[in-house]
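Bear in mind that the values in this text are calculations on the coordinates, not laboratory data. On a predicted model such as this, the values are computed, not experimentally measured, just so you know. Counting neighbours? That spans all protein chains shown, and the Cβs are built from the backbone with ideal geometry, glycine included.
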Amino acid sequence: MINLLETKEESILTQEQIQSAVMIIQALHKRKDSFQILFPELSAEKQNALHFISEGKSYREAALIIKRNHTIITQWSKNDPKFKKALDKVKMEIQKSIRIHEMLRQAGNEEKISTSQNNEDSRIQVIQ
């Protein structure tokens, strides 16, 4: 029979488990986005630029990759409402990703603090 009751220590994820989970989630997220056409109303060139921006490239880097002038992303965002809306969506997704990454980092730090506190409590009990 399987013991379904866990102690507090068994239910706490280790830093390695958290990092592994983050890497898996990021890999799956990237793979999904690579094959998905997120903005079919835009030209392939604009979609490619948005893809590179979503991967963390600057506007200048994205423009150079698609072999356009470094100011093209800004021009498109000013002159093409559909592109601007798509760019805003990409930037919002980047912000969400940053927030999730920060939350996971904080959870890892809290896990370290909790573990070190548990170790300290154990040492005190042994001394007493």
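For region 42-111, what does the alpha-carbon gyration tensor say about shape, rounded, prolate or oblate, given a ≥ b ≥ c as the root eigenvalues, a/c under 1.5 as rounded, and a/b over b/c as prolate? Prolate is the answer for region 42-111, as a/c is 1.5 or above and a/b outweighs b/c. As a length-normalised measure over Cα pairs under 8 Å and 6 or more apart, the relative contact order of region 46-100 settles at 31 percent. Other residues lying with their Cβ under 12 Å from the Cβ of PRO81 contribute a combined charge of +1, Lys and Arg counting +1, Asp and Glu -1.
Other residues within the sphere of radius under 15 Å centred on the Cβ of TYR59, judged by their own Cβ, net out at +3 (K and R +1, D and E -1). For region 34-73, relative contact order (Cα pairs under 8 Å, six or more residues apart, normalised by length) works out to 28 percent.
Applying 0.36 nm per residue to the separation of ILE12 and ALA27 and subtracting their alpha-carbon distance, the gain on full extension is 3.0 nm.
Sorting 76-86, 44-54 by their mean Cβ neighbour count within 10 Å, with the most densely packed peptide first, gives 44-54, 76-86.
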